[in-house]
There are 2 protein chains.
Amino acid sequence: MKKGLLIVLSGPSGVGKGTVCRSLQARMPGLCFSVSATTRPPRPGEIEGRDYYFLSDDHFQRLLAEGAFLEWALVHGRHYGTLKDKVSKVLASGNDLLLEIDIQGAEQVRRQMPEAVTIFMAPPSMAALEQRIIGRGTEDAVKIRQRLEAARREMEAYRNYEYLVVNDEVEATAALLASIIQSEKCRVSRGARPPVQEVSE
Amino acid sequence: MKKGLLIVLSGPSGVGKGTVCRSLQARMPGLCFSVSATTRPPRPGEIEGRDYYFLSDDHFQRLLAEGAFLEWALVHGRHYGTLKDKVSKVLASGNDLLLEIDIQGAEQVRRQMPEAVTIFMAPPSMAALEQRIIGRGTEDAVKIRQRLEAARREMEAYRNYEYLVVNDEVEATAALLASIIQSEKCRVSRGARPPVQEVSE
């Protein structure tokens, strides 16, 4: 069976990756979305295996020591990571898998799986990104300033990606992501072949 | 201004390139389609500059000697070719240009413009292609046999292309071509950049 495609979607914090992914999921029901492992406790309504794999600190550390993560990060004292074997299983079954991760995670995936299709999502302008970050309204001024600075630095990372999409409007961005995935599946270098190989007389 | 994209669409004779291109044209009104030069006389209804550039044999030979063609061929005693300066003008104006040409022409373009996006259109099966070639009903048995043999040989060329699309159904194929063109425009290696480059403080 032909292996599925690994698609890495990343971009600065606040660019709207999550919203676009929900639209993409509706558009491409056959596309799988990676589920992260985390040591943070489940929030009300979150379901094990759908939203996250919820792990104890010990369990996460053991998996980390085993090299079980394709990428991982420590955020606000909680661990998050993508398990290699979950990714491999989806791809081996011939399904395409999208990883929606931050810039640092994407760097780790690129190193381990250079065959991944990498897509950078950019805001229509820095001002738009700043408004989004400020508009969440959940953080104090210092946190906001830190996040804005991080976002500006993260913007530079686009150079390391194969594709850049500008998230001007959610539906248009999701359509563009679908186009990129569909066209990657047509690449001869990725194994696209004519459907028939009859023996010529 | 950012240069337009040159897209080369090719495939075996009879695969349905022309029909798909008409659908693509309706789908992407901003996409330009290359107009060939030819020494064959205009048919009723054909318009200079829209259907072909109609040239005398002398004129064509002079342009050929000057190296003015990106690709050319002699078919049934008539010359056909794509003029370099027509292609350059469209691309320099920032418009994308699609060249719908045969396998031999595509080889010539690839050599001269390796930056072209190359797409091979394959039939859903060799049987389907044979039916299309026979079904035109305009040629005798010997001609048909020759065309079938040529088509089988031409199928092997797909290995030299970046993309392969299977022409199962016209509208779906045109949608896939549009996806490929749109996604190529998002490639960082082709100059895709974030829309803003404000100076960081």
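Bear in mind that the values in this text are calculations on the coordinates, not laboratory data. Computed from a predicted structure; not experimentally measured. Every residue, glycine as well, gets a Cβ built from its backbone with ideal geometry; the counts of neighbours run over all protein chains shown.
With all distinct Cα pairs included, what does the Kirkwood hydrodynamic radius of segment B:72-172 come out to in Å, to one decimal, could you say? Spell out each step's value before the answer.
Values: mean 1/r = 0.0639 Å⁻¹.
After inverting the pairwise mean of 1/r, the radius is 15.7 Å.
When each copy gets a label point 7 Å from Cα toward the beta-carbon at A:Gly135, what are the spacings between them in nm, shortest first?
Inter-copy label distances (nm, one decimal, shortest first): 5.1.
On average, how many beta carbons from a partner chain sit within 10 Å of the beta carbon of a residue in A:29-41?
Mean shielding count: 0.
Counting other C-beta atoms within 10 Å, and keeping those with at most 12, which DSSP coil GluC sites (Glu not before Pro) do you find in segment A:136-194?
Details: sites: A:Glu139, A:Glu149, A:Glu154, A:Glu156, A:Glu162, A:Glu169, A:Glu171, A:Glu184; in loops: A:Glu139, A:Glu162, A:Glu169.
Loop-located and lightly packed - A:Glu169.
Per-residue mean of other chain beta-carbon atoms within 10 angstrom of the beta-carbon, peptide B:167-180? Please report the intermediate quantities before stating the final value.
Numbers: counts 0, 1, 0, 0, 0, 0, 0, 0, 2, 5, 2, 3, 11, 7.
Other-chain Cβ atoms within 10 Å of each residue's Cβ, averaged: 2.
Can you give the Kirkwood hydrodynamic radius of segment A:62-127 from its Cα pairs, in Å with one decimal?
On the way: mean 1/r = 0.0748 Å⁻¹.
One over the average 1/r among Cα pairs gives 13.4 Å for segment A:62-127.
Rounded, prolate or oblate for the protein assembly as shown? Axes are the square roots of the Cα gyration tensor eigenvalues, ordered a ≥ b ≥ c, and the cut-off for rounded is a/c under 1.5. Kindly include the intermediate steps, with their values, before the conclusion.
Details: a/c = 3.01, a/b = 1.89, b/c = 1.59.
Taking the square roots of the gyration eigenvalues as a ≥ b ≥ c, the protein assembly as shown is prolate.
Shielding by partners for A:113-126, please: the mean number of other protein chain Cβ atoms within 10 Å of each residue's Cβ. Please list the in-between numbers first.
Values: counts 0, 0, 0, 0, 1, 1, 3, 4, 1, 5, 3, 3, 4, 6.
Mean partner-chain Cβ count within 10 Å for A:113-126: 2.
Between B:Arg78 and residues 5 or more places away or on another chain, which pairs have amide H atoms under 5 Å apart, with H built 1.01 Å from N, and which residues are they?
It is none; the list stays empty.
Once the label point is placed 7 Å from Cα along Cβ, list for B:Asp168 the distances to the corresponding points in the other copies, in nm, shortest first.
3.2
Would you mind ranking A:Met28, B:Met121 so that the residue whose beta carbon has the fewest other beta carbons within 10 Å leads the list? Kindly include the intermediate steps, with their values, before the conclusion.
Numbers: A:Met28 17, B:Met121 25.
Ranking A:Met28, B:Met121 by Cβ neighbours within 10 Å, fewest first, gives A:Met28, B:Met121.
Pop out the ³J(HN,Hα) list for segment A:118-132 in order, Karplus 6.51 cos²θ - 1.76 cosθ + 1.60 with θ = phi - 60°, rounded to Hz; leave Gly and Pro as x.
Using θ = phi - 60°, the values come out as 10, 10, 9, 9, 10, x, x, 6, 5, 4, 5, 5, 4, 4, 5 Hz.
Specify whether the C-alpha gyration tensor of segment A:1-66 places it in the rounded, prolate or oblate class, a ≥ b ≥ c being the square roots of the eigenvalues: rounded for a/c under 1.5, otherwise prolate if a/b is larger than b/c and oblate if not. Write out the running numbers ahead of the final one.
Values: a/c = 1.81, a/b = 1.42, b/c = 1.28.
The shape class here is prolate.
Give me Rg/Rg_expected for segment A:6-190, where Rg uses Cα atoms only and Rg_expected = 2.2 N^0.38 Å with N residues. Working shown, then result.
On the way: Rg = 16.5 Å, N = 185, 2.2 N^0.38 = 16.0 Å.
For segment A:6-190, the normalised Cα radius of gyration is 1.03.
Can you sort B:Leu74, A:Leu83, A:Leu176 by how many other beta carbons sit within 10 Å, fewest first? Before the final figure, lay out the partial values.
Values: B:Leu74 10, A:Leu83 20, A:Leu176 24.
Lowest count first: B:Leu74, A:Leu83, A:Leu176.
Among bridges DSSP assigns within chain B, what percent are antiparallel (round to 5)? Mind dumping the intermediate values first?
Numbers: 8 of 26 bridges.
Restricted to chain B, the bridges split so that about 30 percent are antiparallel.
Taking the Cα centre of each part, how many Å lie between segment A:1-80 and segment B:1-65?
Cα centroid of segment A:1-80 versus Cα centroid of segment B:1-65: 49 Å apart.
GluC sites (Glu not before Pro) within segment B:60-110: which are DSSP loop residues with at most 12 other Cβ atoms inside 10 Å?
On the way: sites: B:Glu66, B:Glu71, B:Glu100, B:Glu107; in loops: B:Glu66.
Passing both the DSSP loop test and the Cβ count: B:Glu66.
Rounded, prolate or oblate: which one fits segment B:17-125, using the alpha carbon gyration tensor with axes a ≥ b ≥ c (rounded when a/c is under 1.5, else prolate when a/b beats b/c, else oblate)?
Details: a/c = 1.39, a/b = 1.27, b/c = 1.09.
Note, shape of segment B:17-125 comes out rounded.
Within 10 Å of each residue's Cβ, count the other Cβ atoms and sort B:Leu55, A:Leu177, B:Leu98 from fewest upward. It would help to have the intermediate numbers written out before the result.
Details: B:Leu55 18, A:Leu177 27, B:Leu98 23.
Fewest-to-most ranking of B:Leu55, A:Leu177, B:Leu98: B:Leu55, B:Leu98, A:Leu177.
Excluding same-chain residues fewer than 8 positions from A:Lys89, which lysines have a Cα within less than 21 Å of its Cα?
In chain and number order, the partners are A:Lys2, A:Lys3, A:Lys185.
Can you compute 3J(HN,Hα) from phi for each residue in segment B:47-64, using the Karplus curve 6.51 cos²θ - 1.76 cosθ + 1.60 with θ = phi - 60°, rounded to whole Hz and x for Gly and Pro?
Computed from phi, the couplings for segment B:47-64 are 10, 3, x, 9, 8, 8, 9, 8, 10, 6, 4, 4, 4, 4, 4, 5, 5, 4 Hz.
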